Amino acid sequence: MNKFLFFLIITYLQFFVFNSSFAQTKYLIKTENADCSNPIELKDTLFGPTNAPDGYGKINEFNAPKEDLYSFEKEHNTVWYKFTIKQNGILTFDIFPISPKDDYDFLLFKYTDKNFCDSIKNGKVKPIRSNISRNNKQINSKTGLSNDATEDFVHSGYGNPYSKALTVKKGEIYYLVLDNVYANGMGHTLNIHLKVTSPTIKKKPVDKNVVVKKDTVKVIPKKDIGKAAIRIVLLDSLTNESINGDIELVNITKQKYKTPEISRKDTSVLNGKIIAGQKFLLTVVSKGYLPYCTQIITKKTDTLIVFNVNLQKVEAGIQYNAENILFYGNETKLLPISFVALNNLINFLKENPTVKLQVQGHVNSPKKYTFNIPKKIFIHRLSKKRAKLIFSFLVKNGIDKNRLSYKGMGAKRMKYPHTKKLTEMQKNRRVEIHIISE
């Protein structure tokens with residue numbers, strides 16, 4: 001080998017070693033970065049290629065069931081990143097493994113307070129995005145957030161390697177944790193994208209079929225004029241996990257209460273269109289959870305309504321306020337709206353055939369009392385009759401009376417002791433459901 005060629009080879013090797021060393025120093029993952037308390041703070045949108053994360057640090061922050069959407073089944077080889085949003089926009093990112101053999105999962109958290117890391121370890125703070133799907137070697141095992149993805153959370157096994165993009169605001173802080181399932185793996189490159197959203201600019205409508213929104217002109221079909229998109233999401237009130245149930249949305253503006261505007265069975269999400277500026281009654285039944293019934297009042301200016309329903313698990317001793325089962329004043333006659341809520345209660349009892357409950361009647365104590373019998377006796381009798389009416393209604397509609405009992409509570413538990421409005425009086429005239437056993 002001549003001296004000149006030898007010199008070139010040595011020079012190239014020195015250059016390669018120097019630059020490799022520089023890259024590893026610039027994008028170095030340290031052992032302490034495997035814990036939430038010591039994240040790598042990102043100053044740029046591109047980070048990597050890195051060395052491989054190795055181990056879970058001093059604290060094992062995750063240990064969850066296999067199908068958990070909000071945690072890793074086991075913490076293998078992790079690294080935490082921290083970044084602050086500079087402008088309002090749509091957040092996406094790509095994680096590019098150096099080796100397609102590596103399987104990177106991720107969880108994305110929104111920072112809360114100084115107890116943030118402890119809250120994650122204790123399960124009190126849940127991620128707002130996650131992807132724990134198996135690596136897809138056809139796309140070199142990439143993963144991240146994408147505008148094309150539709151799911152916020154992707155569980156383990158085969159699934160979309162990308163989760164849904166996230167709308168973010170200036171000043172928000174996010175923590176991203178990556179976990180490489182395989183030991184002795186290689187590193188990765190993280191590329192963060194932020195599509196900045198323009199401020200809303202008002203323009204004169206071109207005509208009555210044109211709506212101006214966010215500096216764009218969109219022609220709306222005549223059939224959709226005056227309508228709003230609605231999205232109803234069912235969640236466990238304790239874990240914030242997605243759950244399935246039967247959803248019905250009834251238009252109560254014209255007080256017909258019969259045919260649901262929108263309904264869907266055994267789903268975790270309902271998407272549809274409704275007339276903006278009207279009132280609706282939303283009912284949900286899900287096995288193992290208390291029935292849900294609430295009013296949704298929309299505005300004519302509404303274009304998108306997102307309604308998260310937090311369902312509470314059925315447990316003995318729980319009190320369920322059937323707030324939309326209402327009565328006329330001083331009577332046992334039900335307001336028409338009550339029959340939607342009653343049907344919801346019947347469906348709940350049919351869906352949960354082992355549940356036993358007590359119907360408890362309540363009254364609004366009238367300020368002006370004109371009846372011949374003592375007020376205290378009248379109030380007690382009225383509350384008992386109201387409870388018995390609901391008890392009888394349930395039995396007539398196929399519920400075994402051995403699962404039911406009833407009791408008059410008088411005016412001891414008025415929600416509004418000093419009523420000034422008719423709506424407050426109506427909410428005092430109600431029944432509550434006491435769960436005796438599951």
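The values are calculated or read from the model by the stated rules, or taken from the named source; none is laboratory data. This one's a predicted model, so the numbers in the text were calculated from it and none came from an experiment. Cβ: placed from backbone, ideal geometry, glycine included. Neighbour counts: every protein chain shown.
Points to keep in mind about this one:
- With respect to the conditions (1) surrounded by 17 or more Cβ atoms within 10 Å (Cβ to Cβ); (2) at pLDDT below 90; (3) among the hydroxyl-bearing types (Ser, Thr, Tyr); (4) not in a loop (DSSP other than H, G, I, E, B), Tyr70 lacks only one, and its number is (4).
- Within the range 104-114, the set of residues being in contact (Cβ under 8 Å) with a residue 12 or more places away in the chain and not in a strand (DSSP E or B) comprises Tyr111, Thr112.
- Lys101 being more than 21 Å from Ser237 (Cβ to Cβ), surrounded by fewer than 19 Cβ atoms within 10 Å (Cβ to Cβ), in contact (Cβ under 8 Å) with a residue 40 or more places away in the chain and basic (Lys, Arg): yes
- Residues that are in a helix (DSSP H, G or I) and modelled with pLDDT of 85 or more, drawn from the range 1-56: Thr31, Glu32, Asn33, Ala34
- Taking first residues from the range 253-273 that are at pLDDT below 70 and partners that are part of a strand (DSSP E or B) and of a type outside the set (S, T, N, Q), the Cβ contacts under 9 Å between residues at least 6 apart in sequence or on separate chains come to Lys256/Val250; Tyr257/Val250; Tyr257/Leu281; Lys258/Val250; Thr259/Val250.
- Residue match in the range 106-118 (condition: in the same structural domain as Asp54 (by TED's automatic domain parsing) and closer than 15 Å to His76 by Cα): yes
- Tallying residues that are exposed (fewer than 14 other Cβ atoms within 10 Å of the Cβ) and out of contact with any helix residue (DSSP H, G or I) (no Cβ under 9 Å at 6 or more places or on another chain) within the range 32-58 yields 6.
- Residue list for the range 399-430, filter: at pLDDT below 90 and in contact with a Leu (Cβ under 7 Å, 6 or more places away or on another chain): Gln426, Arg429, Arg430
- Across the range 115-139, the qualifying residues are those that are in a helix (DSSP H, G or I) and among the aliphatic types (A, V, I, L, M), and the one among them that is modelled with the highest pLDDT is Ile120.
- Within the option set Lys287, Lys300, Lys273, being surrounded by fewer than 20 Cβ atoms within 10 Å (Cβ to Cβ), within 25 Å of Lys396 (Cα to Cα) and not assigned by TED's automatic domain parsing to the domain that holds Asn428 holds for one residue only, Lys287.
- Search result, residues across the range 405-428 that are crowded, with 19+ Cβ neighbours inside 10 Å and within 20 Å of Ile346 (Cα to Cα): Tyr406
- Whichever residue in the range 136-147 is at negative phi and touching a Phe, Trp or Tyr at 6+ places or on another chain (Cβ under 7 Å) and, among such residues, is surrounded by the most Cβ atoms within 10 Å (Cβ to Cβ): Thr143
- Each residue in the range 293-348 was checked for being touching a helix residue (DSSP H, G or I) at 6+ places or on another chain (Cβ under 7 Å), without any contact (Cβ under 8 Å) to a residue 60 or more places away in the chain and among the hydrophobic types (A, V, I, L, M, F, W, C), and 3 pass.
- In summary, strands (runs of 3 or more DSSP E) completely within the range 311-429 and bearing 2 or more residues that are more than 17 Å from Pro291 (Cα to Cα) occur at 404-408.
- Listed by first and then second residue, the pairs with beta-carbon distance under 6 Å, at least 6 apart or on different chains, first residue in the range 173-189 and in the same structural domain as Gln87 (by TED's automatic domain parsing), second of a type in the set (Gly, Ala, Ser), are Gly185/Ala52; Met186/Ala52; Met186/Ser99; Gly187/Ala52; His188/Gly48; Thr189/Gly48.
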